[in-house]
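Working notes, beginning with the structure itself.
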Amino acid sequence: MSKLIATALLCGIALANAVPSESNNYSQNAAVGAVFAATNDPNYNEVVMYGRSASGTLTYVGTFATGGRGQGGINDPLQAESSLLLSPDHNYLLAVNAGSSTISLFRVYGNCLQLIDQKPTQGGNPVSVTMHGNLVYVANVGGTYHTAGFRLEPWGELAFIPNSKQPLSSLDTEPGAIAFSPDGSKLIVTERQTSNIDVFTVAADGSLTNPVVTAAQGVEPFGAAFAPSGALLVAEAGSGAVSTYSLGANNKLSVITSKSPSSGAATCWVISAGGYAYATSAITSSISGYQLSAAGQLVPMGIVLTEPGNAAAIFPPVGVTAFPLDLEITADNKFLYVVYSALGEIIGYQVMPNGSLKKITTVSPYAAQIGVEGLAVY
């Protein structure tokens, strides 16, 4: 019996053993997608799964152990983007286990996650993961080498790629994000400590070559995401801004928009969303919106949150620290989800035609103030 067939048979058992919830009235027929969040628990890391309805609301499905340990802590202990990642076909979910220096691979079966592999990340404290085709790369904070690559085999295992372990510009770089370019030919890593961005060429065998280091426009490049056009968006936490870059064949980055201001401080996570981009600022508890042109140019829109029935209302109320971290958007750019660490909540928003965000759903998968990290959506 193949591993994937065995996984399908065991999925019913996995869901039966999932942590129960009072709101667990999940219907497979009613769900059109799912939202996943990682607990980053230092004793045993887990993934919490919610079914997503066509209107964007969420219903609890279950909680599934990664087999590894998280880092724990309070409010953004990993200090990185993309510690949880869903494959483009929605068949696989990847989770880093910072406390045990491993990466876990789940198979997604409708309303179930089944753990099918776990591998060492070839370095200490993995914080970010990316995928293109059957290639998976992880960024490690600790160790001499900060990248490690794996090939996702057809039978559902991660095979380490020789020569995929590469150093960044210095030993103490504190990577914030790792990401493939849209065509998979390049791999970028942001360095929070040095304010550099590394670009590698991805060879035919999946290994990395030709590293080129570019100084970021702003201070502390943190989260990073590629727009479909190929423009690279980088949230610069120390500058409270987002910059965009074009990526050349020689692995050099050229600036498109330099330090477009956000509406807050500690702007750390960023995503592309069609003709818009969004970034979260942890310290000021704000979400900033940008108009994003096809050429990668940014025009700031300020705070874009609204409440139903009150277009001028801002969330959270003045004086409330919510600490928004990871944010993800559905493939059709209709619904945006944000982890609010200090509240212990995931809040979902509908993206309005003018780019503003209308709050539509709230779930509470964990206690407030714990060191949660990671979000994936489809």
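The values are calculated or read from the model by the stated rules, or taken from the named source; none is laboratory data. Treat the numbers as computed from the prediction; the structure is a model and nothing was measured. Heads up, the Cβs are rebuilt from the backbone with ideal geometry, glycines too, and the neighbour counts pull from every protein chain shown. SASA here: full protein model, heavy atoms, side chains in, ligands and nucleic acids out. Shrake-Rupley method; radii C 1.70, N 1.55, O 1.52, S 1.80 Å.
Run the helix sum for the chain: -39,500 (n - 2.57) per DSSP H stretch of 4+ residues, divided by residue count, reported at 222 nm to the nearest 500 deg cm²/dmol.
Values: 1 runs with 14 residues, N = 378.
About -1000 deg cm²/dmol.
Counting only protein heavy atoms, what percent of the accessible surface of the chain is carbon or sulfur at a 1.4 Å probe?
Using a 1.4 Å probe with all protein chains present, the chain comes out at 54 percent carbon and sulfur.
By how many nm would the segment from ALA54 to SER293 grow when fully extended, if each residue of separation counts as 0.36 nm and the alpha-carbon distance is taken off?
Length gained between ALA54 and SER293: 83.3 nm.
Listed by chain and number, the lysines whose C-alpha is less than 17 Å from the C-alpha of LYS358, apart from same-chain residues fewer than 8 away, are LYS334. For region 140-247, the spread of Cα positions along the three principal axes, ordered from largest to smallest, is 44, 33, 24 Å. The eigenvalues of the Cα gyration tensor, multiplied by 5 and square-rooted, give region 134-186 an equivalent ellipsoid with semi-axes of 22, 13, 9 Å from largest to smallest. Averaged over residues, the count of other Cβ atoms within 10 Å places the peptides 264-276, 52-64 in the sequence 264-276, 52-64, highest first.
FRET efficiency for LYS252 and ILE74, Cβ-Cβ distance as r, R0 = 35 Å, nearest 0.05?
Details: r = 39 Å, r/R0 = 1.10.
Computed FRET efficiency for LYS252 and ILE74 comes out at 0.35.
For the pair region 137-171 / region 234-275, the C-alpha centres are spaced 25 Å from each other. For a label point 7 angstrom out from the Cα of TYR44 toward its Cβ, which stretches of region 85-107 have the backbone nitrogen within less than 19 Å? Residues passing the 19 Å test: 95-107. Out of every Cα-Cα pair in region 57-120, what percent are more than 13 Å apart? Every Cα pair in region 57-120 considered, those over 13 Å come to 66 percent.
Potential lengthening of the chain between GLN193 and LEU171 amounts to 6.9 nm, from the contour at 0.36 nm per residue minus the alpha-carbon distance.
In this simple spin-label model, placing a label point 7 Å from the Cα along the Cα-to-Cβ direction at both ALA368 and SER207 gives a separation of 5.2 nm.
Between THR321 and SER181, the contour length at 0.36 nm per residue exceeds the Cα-Cα span by 47.0 nm.
Find how many whole Å separate the alpha carbon centroid of region 30-66 from the alpha carbon centroid of region 95-126. After rounding, the separation between the Cα centres reads 15 Å.
This model, with +1 at the C-beta of Lys and Arg and -1 at the C-beta of Asp and Glu, gives the chain a dipole about its Cα centre of some 340 debye.
Determine which aspartates and glutamates satisfy two conditions relative to LYS259: a Cα distance under 17 Å, and not lying fewer than 8 residues away in the same chain. Correct list for LYS259: GLU191, GLU220, GLU236. Listed by chain and number, the aspartates and glutamates whose alpha-carbon sits under 14 Å from that of LYS252, ignoring those within fewer than 8 places in the same chain, are ASP198. Highest mean packing first, where packing is the average number of other Cβ atoms within 10 Å per residue, the peptides 176-185, 204-213 line up as 176-185, 204-213. Taken over the chain, the percentage of Cα pairs per 20 Å bin, counting from 0 up to the bin with the maximum distance, is 31, 61, 8.
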